[in-house]
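Participant: First the structure, then my questions, so here it is.
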Amino acid sequence: LVREYQEQLQSVANQGEDVDAFFSSLASKYSDCSSAKRGGDLGEFGRGKMQPNFEAAAFALKPGSLSDLVYSDSGVHIIYRIS
């Protein structure tokens, strides 16, 4: 199911549509993270603040990029880096 959401997000990005709004909508509806109430927004964070797999994937992304599926001890994630 998470793979399907990632594919939908990538499709939205490829079509030049509003990824921010679509990501926020998906996160608000389906995420079990406390960030769901903020549309999946984790805010700014530095190195050493997140689980290693998540952090490595987040910092490897360029702003405006989507990750593939990222697996951590907390579950499966899709990361959309905005800055």
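The values are calculated or read from the model by the stated rules, or taken from the named source; none is laboratory data. Remember, predicted model here, so these are calculated numbers, not experimental data. Neighbour counts run over all protein chains shown; Cβ positions are idealised from the backbone, glycine included. Side chains included, ligands, DNA and RNA excluded: accessible areas come from the protein's heavy atoms. Shrake-Rupley method; radii C 1.70, N 1.55, O 1.52, S 1.80 Å.
Participant: What does the convex hull of the Cα atoms of the chain come to per residue, in Å³, rounded to a whole number? Spell out each step's value before the answer.
Facilitator: Working: hull volume 7.3 nm³, N = 83.
It is 88 Å³ per residue.
Participant: In the chain, carbon and sulfur make up what percent of the accessible area (probe 1.4 Å)?
Facilitator: It is 48 percent, rounded to a whole number.
Participant: Now a separate question. Determine the order of Arg3, Arg47 by accessible area, beginning with the largest, at a probe radius of 1.4 Å.
Facilitator: Arg47, Arg3
Participant: Just from its helices, what would the mean residue ellipticity at 222 nm be for the chain, if runs of 4 or more DSSP H residues each count -39500 (n - 2.57) and the sum is divided by every residue, rounded to the nearest 500 deg cm²/dmol?
Facilitator: Details: 3 runs with 34 residues, N = 83.
Rounded to the nearest 500, it is -12500 deg cm²/dmol.
Participant: Just to confirm the number: angle between the C-alpha axis of helix 19-30 and the first principal axis of the chain, 0 to 90 degrees, nearest 10?
Facilitator: 70 degrees
Participant: Quick one: compute the contact order of region 9-83, relative version, from alpha carbon pairs under 8 angstrom and 6+ residues apart, as a percent.
Facilitator: On the way: 82 pairs, mean separation 14.7, N = 75.
Relative CO of region 9-83 lands at 20 percent.
Participant: Given a 10 angstrom Cα cut-off, can you work out which residue in Asp18, Asp41, Asp68 is the most mobile in a GNM of the chain?
Facilitator: Fluctuation is largest for Asp18.
Participant: Determine the per residue accessible area of the chain with all protein chains present and a 1.4 angstrom probe, expressed in square angstrom. All intermediate terms of the calculation are to be shown ahead of the outcome.
Facilitator: Working: 5490 Å² over 83 residues.
On a per-residue basis, 66 Å².
Participant: Which one of Gln51, Tyr5, Leu26 has its Cα pushed farthest toward the positive end of the charge dipole of the chain, where Lys and Arg give +1 and Asp and Glu give -1 at the Cβ?
Facilitator: Sorting the options by dipole projection puts first Gln51.
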